[in-house]
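**Student:** Below are the structure tokens for one structure; questions will follow.
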Amino acid sequence: MITIAIVFIIYLALMVAIGFKFYSKTSDLNDYFLGGRNLGSWLTALSAQASDMSGWLLIGLPGTAYVIYAGTSEAIWTAIGLVIGTYLNWLFVAKRLRKYTEVSGDSITIPDFFENRFKDKKHILRILSAVFIMIFFLVYTSSQFSAAAKLFSTVFGLNYVTGLIVGAAIIVSYTALGGFSAVCWTDAIQGGIMFFALMAIPFMALYEMGGIGEVSSRLAELTPESLGFFPMKNGAVDSMLLASGLGWGLGYFGQPHILTRFMAIQSPDMIRKSRIIAMIWVIITLTAAVAIGVIGKAYMPDLIDGETIYMAMIDAMFPDIIAGILLTAILAAIMSTASSQLLVTASSVSRDLYALLFKKSTEGTAIVWVSRITVLVVSLIAIALALDANSSVFGLVACAWGGFGAAFGPLLLFSLFWKRITLQGAVAGMITGGVVDLLWYSMKSHGGVFAVYEIIPGFIASAAVIVIVSLCTRLPQEIADEFEESKKPWAQK
């Protein structure tokens, strides 16, 4: 236990040191929120995927797969949906967004881009975006704090609330200090740790149990059901669960903490290389995460909380020093995502609300300090939301992921690829997507059609409203001209 604690301390000290390193280099909002648009291919890819997957990858997804067999099917199709969504996001959105955000007023946040894209002089889109970002990122960040609490309580026997506070304090420290550059560098390091840790666990468990045949035999003893590729219900394919799993892929188009990585890469021409790196990372890690849940059920079938399977397997299979290194992968996953989410929330509060409502300049160090204070305040609220020790990391992430996908996803896609979209269509679509998602989520307990993942009806409703309202309103020529300008070959400034 002492050895594991020492490994944790060394790792955390390194992460905070990176925050201090970039503290003196962060003088304005472009530096703090986009790192001066100077990320390389590897850094962009690893940072995007590490901030994407979160503690959910090592806790929530394996925990779902651990529930043989309905949960396993859900985990498999969720992973498939995420792989497809990742690929489409990198293929169609990344390059176009990088170019358009520079053409459209040199936007440095997603609310910035929406406002500049539609010449929204009344700042309606900026304020709406900030509100949705605060709502959904509070839930998202609380899920990461909950994952940190489970880690510290499982590994060190800490009280859940104590673990919650310790984890939050670590994340806040380097996010507030170094801003985007610190977060991206720590994300890249953490992405590498997550990659190798996820591969090590299932292979070691298979070796100890004697191979796949023994795993299958143990699982067969637990239930008469066979592990099928498709989710089944009453003898037929469960279309609701299948659609819900694949629906996770729609969420990628609306996640601000992922989209900002596309905006920050040095050149759009570097995105193809980033896409290849990202796809290799995401396919391997998602496959390994599901495998940990399934193999873990055979290895340790009696866990009360399946979301602790990754930690329990490490504790059972490895000596303390190796266990400490592998357990830092959970910290890596939690910290990479939570820090990114806090940074985006801070940008919305400081730039999209504070500067706008109080008519303050967005230049200089004063606004950066407002952002740092926002990180602290938002973290305190997220801690309060995560105080329930029975919180499901998978469920909290699903709620926030669906909200962003429905509110921002259709609007972003139409903004990038459809010239005819108008400001009125954009406002109506964002409100519709966010509201439908929240209402559908609140009706989940009723079952039936409401059992389908809320992102799907929210996404469809938003897209339909955007098209209908846009076709019924006038498109200013200035917006149409800028759209055409954004399609021209990119020239570095």
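**Student:** Just to verify a result, which residue in segment 57-95, among those that are part of a helix (DSSP H, G or I) and among the aromatic types (Phe, Trp, Tyr), is nearest to Gly296 (Cα to Cα)?
**Tutor:** Trp77
**Student:** Right, here's the next one. Going through segment 469-493 one residue at a time, which ones are exposed (fewer than 14 other Cβ atoms within 10 Å of the Cβ) and in a helix (DSSP H, G or I)?
**Tutor:** Residues satisfying the conditions are Leu471, Gln477, Glu478, Ala480, Asp481, Glu484, Glu485.
**Student:** I'm trying to understand the selection: among the residues of segment 73-98, which are small (Gly, Ala, Ser) and either more than 30 Å from Lys488 (Cα to Cα) or touching a Lys or Arg at 6+ places or on another chain (Cβ under 6 Å) (or both)?
**Tutor:** The answer is Ser73, Ala75, Ala79, Gly81.
**Student:** Would you check if Ile466 is surrounded by 20 or more Cβ atoms within 10 Å (Cβ to Cβ) and assigned to a loop (DSSP other than H, G, I, E, B)?
**Tutor:** no
**Student:** Where residues in segment 96-124 are farther than 18 Å from Met430 by Cα and assigned to a loop (DSSP other than H, G, I, E, B), which of them is nearest to the chain's Cα centre (by Cα)?
**Tutor:** If we take residues in segment 96-124 being farther than 18 Å from Met430 by Cα and assigned to a loop (DSSP other than H, G, I, E, B), then Ile108 is nearest to the chain's Cα centre (by Cα).
**Student:** Select from segment 239-269 the residues that are under 16 Å from Phe92 (Cα atoms), hydroxyl-bearing (Ser, Thr, Tyr) and part of a helix (DSSP H, G or I) and list them in ascending order.
**Tutor:** If the condition is that a residue be under 16 Å from Phe92 (Cα atoms), hydroxyl-bearing (Ser, Thr, Tyr) and part of a helix (DSSP H, G or I), then Tyr252, Thr260 are the ones that fit.
**Student:** Need the failing condition index for Glu485 against (1) farther than 25 Å from Ala130 by Cβ; (2) touching an Asp or Glu at 6+ places or on another chain (Cβ under 8 Å), just the number.
**Tutor:** For Glu485, the exception is condition (2).
**Student:** Report, by residue number, each residue of segment 470-485 that is farther than 14 Å from Ser415 by Cβ and without any contact (Cβ under 8 Å) to a residue 60 or more places away in the chain.
**Tutor:** Result: Leu471, Cys472, Thr473, Arg474, Gln477, Asp481.
**Student:** Given the conditions (1) closer than 23 Å to Gly85 by Cα; (2) of a type in the set (Lys, Arg); (3) in contact with a Phe, Trp or Tyr (Cβ under 7 Å, 6 or more places away or on another chain), report the number of the one that Lys297 does not fulfil.
**Tutor:** All conditions are met except number (1).
**Student:** Quickly run through segment 407-464 and pick out the residues that are farther than 27 Å from Lys119 by Cβ, touching a residue at least 24 places away in the same chain (Cβ under 8 Å) and aromatic (Phe, Trp, Tyr).
**Tutor:** Within segment 407-464, Tyr441, Tyr453 meet the criteria.
**Student:** Same structure, new question: Given the condition surrounded by fewer than 16 Cβ atoms within 10 Å (Cβ to Cβ), at pLDDT 75 or above and in a helix (DSSP H, G or I), answer yes or no: does some residue in segment 330-353 qualify?
**Tutor:** No, that holds for no residue.
**Student:** So, one more: Which of (1) charged (D, E, K, R); (2) in contact (Cβ under 8 Å) with a residue 24 or more places away in the chain; (3) more than 24 Å from Gln49 (Cα to Cα) does Asp302 not meet, given it meets every other one?
**Tutor:** Exception for Asp302: condition (2).
**Student:** Here's another thing I want to ask about it. For the condition surrounded by fewer than 23 Cβ atoms within 10 Å (Cβ to Cβ), assigned to a helix (DSSP H, G or I) and under 22 Å from the mean Cα position of the chain (by Cα), what is the one hit in Ala384, Ala389, Ala398?
**Tutor:** Ala384
The values are calculated or read from the model by the stated rules, or taken from the named source; none is laboratory data. This one's a predicted model, so the numbers in the text were calculated from it and none came from an experiment. So basically every Cβ, Gly included, is an ideal-geometry build from the backbone, and we count neighbours across all protein chains shown.
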